[in-house]
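The values are calculated or read from the model by the stated rules, or taken from the named source; none is laboratory data. Note that the coordinates shown come from a computational prediction; the quantities given were computed from them, not determined experimentally. Heads up, the Cβs are rebuilt from the backbone with ideal geometry, glycines too, and the neighbour counts pull from every protein chain shown. Ligands, DNA and RNA are excluded from the accessible area calculation, which covers all protein heavy atoms including side chains. Shrake-Rupley method; radii C 1.70, N 1.55, O 1.52, S 1.80 Å.
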Amino acid sequence: MSLYNTTAIETKWLDYWEKRELFQGTEKTALSVSPEDAMFLLFAFAYPSGQGLHVGHVESKTALDILARFYRMHGKAVFFPVGWDAFGLPAENYAIKTGVPPAETTKKAINTFRRQIKRLAISYDWKNEIATSHPGYYKWTQWLFLQFFNQGLAHKKPGLVNWCPSCQTVLANEQVVSGLCERCDTEVTQKELDQWYFKITNYTEELISGLDKVDWPQATKQQQLNWIGKKEGVIINHQMKNSNLQLDTFSAYPAWLFADTFIVIAPEHPLVEKMAKGTKYETTVKNFVEESRKLTSKDHLENKFEKKGVFTGRYVNDPFSGNDMPVWVANFALMDFGTGIIRCSGHDPRDVEFAEKYNIPLKEVVERIDGIDGPVNAHTNQGILIDSGKFTGKEISEELIEDMLDWIEEEGIGKRETTYRLRDWLISRQRYWGAPIPIVYDPEGNPHPVKEEHLPWKLPEDVDFKPTGESPLRSSEEFIARTEKLYGKGWRPEFDTMDTFVDSSWYFFRYTDARNEQEFASKDQMAAWLPVDLYMIGPEHIVLHLLYARFFTKFLRDEGYISFDEPFSKMRHQGMILGPDNKKMSKSKGNVINPDSVIDKFGADTLRVYEMFMGPLESDKPWDVSAVAGVFKFLNRIHRLVITLNQGDQRQTPSSDVIQALHQAIQKTTEDIPKLKFNTAIAKLMECVNTWETAAKEGAGLDEESAKKFIRVLAPFAPFLSEELHQVLEGTAKSNPKASVHESSWPEFDEELAKEDVLSIPVQVNGKLRAQLSIDRVQSEDTAFVLEEALKNERVQHWIGDKKIKKQIYVPGKIVSLVVID
């Protein structure tokens, strides 16, 4: 009997597929098929780290590959492209450390990733491979920047940024972890720099309403809404005592305004310096502002920091009580919330925490609710008002809030206002390994767009990578000389590069026409494939990347390039593969599993099937070495059954049990694969193999034609083994292979043959599951019989006892529901 030699089998068929260019150049097929038959499957743009793939990457890529193979076998034209988010700080930091240019290390990393991915049988369309660091790609990133610039959506202005003193560059919020740079663990500070911004705020409302059009996890939508941070409320005007300054505060909870006793202002607010200047508090306030710059937007979002503040020595008049309100600078006040100045009361947990720390008097204006430990939280917008002027004794409601807003505006105290947390997108980066911003400055310092005929505006190579606090491109003599040659003496290029989020905000458009040198993608190609049918992305990328990709899409729609306004129709997230110790894999913990080592020992098919069998795709799951070996044994059993079947003297006449198991397996995989329920589909395949193996010992296992159906169902999960066994049964495994199993059609199942002979029917008593009945399929159609069996069941009798049965309901083949009363 032939042994299951994974290395020989997998390398043979990988070579065969590559020579045939299977599933390559598929972007060209979209124009020749109907829109309903074109399917775009997309995995999140991957950064090619020098460490190569880990088993966490395998899970998500395999999941999409299974879908791609499944839908191709159903006659769909599947577009499954691949590319690399190749610019970025890690490669630049490595260059600083080793002196090896980022272009060189990035190319090497991509080659490693490509080899590993192909070895996993991920059926990407490699003919459309792209990399953001290639001039043929970033030419169009720069072109898109120019379109934003021409429409007034790209502008330069001063702004506070996350600054890493060690890396000497601006960091995105996602690159700051617990106040530290994620790359070097240096404490991040806030720094004011002139930076380029995209005006994403022009699309704020559309970014909110568009979420109603997409099939995304609700938690992902909520994260988007939280980041946008829309708040409807009121701005209250306050005159500062002994000063001509006016403070405009924002409140999202107008019903609680009579409770406010003090005001906090964000440390970065421009009025802070003016308030403190010339007072005895000036130095204290200045020092506190500097300390507060260590907190990032991410820290504020997660709300995991100590609430601190300093008194400014200033007071304002409260238009509600007539009392003086002290003004504090506080680190929990945000410039991107409302006006950056907040009225505070005894009904907000953060305000209470802060006030108790600094002995600031508090006030409550809502009757306490029995059983509540502490004051009523304003965020609930519930309760009966007390000590609230003309509104005392009234219950908080939408109508009352509207009445209060009317009164505030009539009295000239303030006005209705809608505010947003979302701010314009800062895209400047003071680093080398990124797309140069295509702007040049005349001798007077005025910005001008690089001419389109000069794109790509190439990244210079004569650059010193050593951090200086300035953009590395300043050290390039070639860059400056090029600019003067093309634009005139004294002209200078923009030395900042673009945030790598810009590169990844439009890559899915480029995929559809990756080799087009005349435009970023043709309208016909984009219309044929987009929007993306399914986007698989890790939950760590669900905020900024998605916001920016949606922003680009809406802009391109407005410019007339596309007709849709949401890029990803459906999105799902994979969970995390944990180490054997049930902790997140990391080199420091020594719990990282290298896919190469698993493949060397068990084969790529084992790795694929194991990761899909570990549990629900969206859940976090620990690695189990013994379970990997179990999956390998499962595939060995399939190999042995088919090889034995193929021997001339071992023909089988299948029993009804094994035929039923086969059709159940076809039905289950057909239903579960589109739902991404791969673990349950594999479990059914395992059941089928168990039945097949038992029947085969009696000469009643699957016959050749039935075995071919099983192999086709197995094919998306274990593509190498399926190809081998398909060709074995066709007699072409060793020479002149016929069409690939992955080009065959998906087998159909017979519903009658797939039906269970015995059904498990749950029994509920007063809505709670109390028993399971095993009923013959034919008898399950007899309502009287099933109800009688339910009432005879010991567990059901226990829960009914002497109670009277008020109602008996039987949904044939599904459930029995009994309602009883005393």
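Quick one: in region 682-703, which of the residues that are touching a residue at least 60 places away in the same chain (Cβ under 8 Å) and surrounded by 19 or more Cβ atoms within 10 Å (Cβ to Cβ) is farthest from the chain's Cα centre (by Cα)? So that I can check it myself, show each step before the final result.
Taking region 682-703 as the starting set, the residues that turn out to be touching a residue at least 60 places away in the same chain (Cβ under 8 Å) are 682-683, 701-702.
Right, trim to surrounded by 19 or more Cβ atoms within 10 Å (Cβ to Cβ) and you get 682, 701-702.
Details: I682: 26, G701: 45, L702: 43 Å.
By that ranking, first place goes to G701.
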_Can you confirm whether F40 is buried (at least 20 other Cβ atoms within 10 Å of the Cβ), closer than 16 Å to W126 by Cβ and of a type outside the set (S, T, Y)?_
no
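Determine whether A718 is surrounded by fewer than 19 Cβ atoms within 10 Å (Cβ to Cβ), over 14 Å from M73 (Cα atoms) and small (G, A, S).
On the way: surrounded by fewer than 19 Cβ atoms within 10 Å (Cβ to Cβ): no; over 14 Å from M73 (Cα atoms): yes; small (G, A, S): yes.
Criteria not met by A718.
Across region 549-563, what is the number of residues that are in a helix (DSSP H, G or I) and over 25 Å from G56 (Cα atoms)? Outline the logic, then answer.
Filtering region 549-563 for residues in a helix (DSSP H, G or I) gives 549-558.
Going one step further and asking which of them are over 25 Å from G56 (Cα atoms), we end up with 550-558.
Selection size over region 549-563: 9.
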*Of all residues in region 181-238, how many are in contact with a helix residue (DSSP H, G or I) (Cβ under 9 Å, 6 or more places away or on another chain), closer than 24 Å to I437 by Cα and among the aliphatic types (A, V, I, L, M)?*
1
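In the set Y253, Y203, Y281, which member is over 20 Å from G414 (Cα atoms) and touching a strand residue (DSSP E or B) at 6+ places or on another chain (Cβ under 8 Å)?
Numbers: Y253 fails: over 20 Å from G414 (Cα atoms); Y203 fails: touching a strand residue (DSSP E or B) at 6+ places or on another chain (Cβ under 8 Å).
Unique residue meeting the criteria: Y281.
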_Search result, residues across region 490-528 that are more than 23 Å from E566 (Cα to Cα) and either among the β-branched types (V, I, T) or part of a helix (DSSP H, G or I) (or both)_ = T497
_Return the residues of region 152-181 that are open to solvent by 20 Å² or more (accessible area, probe 1.4 Å) and either under 21 Å from K466 (Cβ atoms) or at pLDDT 85 or above (or both); say none if nothing qualifies._
G152, H155, K156, K157, P158, P165, S166, Q168, Q175
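Condition first: more than 30 Å from K12 (Cβ to Cβ) and in contact with a helix residue (DSSP H, G or I) (Cβ under 7 Å, 6 or more places away or on another chain). Can you find one or more residues in region 731-739 that meet it? I'd like the intermediate steps shown before the answer.
In the first step, residues of region 731-739 are kept if they are more than 30 Å from K12 (Cβ to Cβ); the result is none.
Within region 731-739 (the criterion being more than 30 Å from K12 (Cβ to Cβ) and in contact with a helix residue (DSSP H, G or I) (Cβ under 7 Å, 6 or more places away or on another chain)), the answer is no, since none of the residues qualifies.
Those residues that are within 14 Å of H57 (Cα to Cα) and either assigned to a loop (DSSP other than H, G, I, E, B) or β-branched (V, I, T) (or both), I need them from region 587-597; list them, please. Working first, answer last.
Residues of region 587-597 within 14 Å of H57 (Cα to Cα): 592-596.
Across region 587-597, the qualifying residues are V592, I593, N594.
Looking at the structure I just gave you, is S626 farther than 24 Å from K677 by Cα, at pLDDT below 95 and among the small types (G, A, S)? Explain how you work it out, then say what you get.
Numbers: farther than 24 Å from K677 by Cα: no; at pLDDT below 95: yes; among the small types (G, A, S): yes.
No; evaluated as a whole, the condition is false for this residue.
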*Wholly within region 724-822, which helices (runs of 4 or more DSSP H) include no fewer than the required count, namely at least 3 residues that are closer than 30 Å to F70 by Cα and open to solvent by 70 Å² or more (accessible area, probe 1.4 Å)?*
751-754
*Does A95 satisfy the condition of being open to solvent by less than 40 Å² (accessible area, probe 1.4 Å), modelled with pLDDT of 95 or more and assigned to a helix (DSSP H, G or I)?*
no
*asked:* Give me the residue from region 247-281 that is assigned to a loop (DSSP other than H, G, I, E, B) and among the β-branched types (V, I, T) and, out of that set, farthest from T419 (Cα to Cα).
replied: T279
*asked:* Out of F354, F311, F320, I need the residue that is aromatic (F, W, Y), touching a residue at least 40 places away in the same chain (Cβ under 8 Å) and assigned to a loop (DSSP other than H, G, I, E, B). Which one?
replied: F320
*All positions within region 570-585 that are under 13 Å from M536 (Cβ atoms) and not in a strand (DSSP E or B)*: H573, Q574, G575
_Residue count for region 204-246, restricted to those that are open to solvent by less than 20 Å² (accessible area, probe 1.4 Å) and within 21 Å of the chain's Cα centre (by Cα)_ = 10
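Would you point out the residue of region 3-37, among those that are part of a helix (DSSP H, G or I) and among the small types (G, A, S), that is modelled with the highest pLDDT? Full working, then the answer.
Step one: of region 3-37, the residues part of a helix (DSSP H, G or I) are 6-20, 26-32, 35-37.
Cutting the leftovers down to among the small types (G, A, S) gives us 8, 30, 32.
On the way: A8: 95, A30: 78, S32: 83.
Ranking the candidates gives A8 first.
Is it true that G50 is farther than 21 Å from V609 by Cα and part of a loop (DSSP other than H, G, I, E, B)?
Working: farther than 21 Å from V609 by Cα: yes; part of a loop (DSSP other than H, G, I, E, B): yes.
It is true that G50 is farther than 21 Å from V609 by Cα and part of a loop (DSSP other than H, G, I, E, B).
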*asked:* Restricting to region 497-541, name every residue that is within 24 Å of the chain's Cα centre (by Cα) and either open to solvent by 20 Å² or more (accessible area, probe 1.4 Å) or among the β-branched types (V, I, T) (or both).
replied: T500, F501, V502, T512, P531, V532, D533, I537, P539, E540, H541
*Evaluate the following for G340: is it surrounded by 21 or more Cβ atoms within 10 Å (Cβ to Cβ) and within 18 Å of L160 (Cβ to Cβ)?*
yes
*Kindly indicate whether any position in region 71-81 is open to solvent by 10 Å² or more (accessible area, probe 1.4 Å), part of a helix (DSSP H, G or I), modelled with pLDDT under 95 and farther than 21 Å from P135 by Cα.*
no
*Scan region 335-361 for residues that are more than 30 Å from D424 (Cβ to Cβ), within 35 Å of the chain's Cα centre (by Cα) and of a type in the set (D, E) and report the count.*
1
*Identify, by number, the condition in (1) buried (at least 18 other Cβ atoms within 10 Å of the Cβ); (2) within 41 Å of the chain's Cα centre (by Cα); (3) under 18 Å from I236 (Cα atoms) that S388 doesn't meet.*
(2)
*If you go through region 365-408, how many residues are in contact with an Asp or Glu (Cβ under 7 Å, 6 or more places away or on another chain), at positive phi and assigned to a helix (DSSP H, G or I)?*
0
*From the list L67, L41, L31, pick out the single residue that is out of contact with any strand residue (DSSP E or B) (no Cβ under 8 Å at 6 or more places or on another chain) and either aliphatic (A, V, I, L, M) or within 23 Å of K523 (Cβ to Cβ) (or both).*
L31
_Every residue from region 121-144 that is part of a strand (DSSP E or B) and in contact with a strand residue (DSSP E or B) (Cβ under 6 Å, 6 or more places away or on another chain)_ = D125, N128, E129, I130, A131
*Please state which one of G445, G490, G469, G434 is open to solvent by less than 60 Å² (accessible area, probe 1.4 Å), among the small types (G, A, S) and closer than 15 Å to T132 by Cα.*
G434
_Being farther than 26 Å from L144 by Cα and not in a loop (DSSP other than H, G, I, E, B) is the filter here; which residues of region 409-441 pass it?_
E409, E410, G414, K415, R416, E417, T418, T419
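Restricting attention to region 472-487, which residues are open to solvent by less than 30 Å² (accessible area, probe 1.4 Å) and out of contact with any strand residue (DSSP E or B) (no Cβ under 8 Å at 6 or more places or on another chain)? If you could, list the steps in order and put the result at the bottom.
Pass one, region 472-487, residues open to solvent by less than 30 Å² (accessible area, probe 1.4 Å): 472-473, 476, 479, 483.
Once the filter is applied, which keeps residues that are open to solvent by less than 30 Å² (accessible area, probe 1.4 Å) and out of contact with any strand residue (DSSP E or B) (no Cβ under 8 Å at 6 or more places or on another chain), region 472-487 yields P472, S476.
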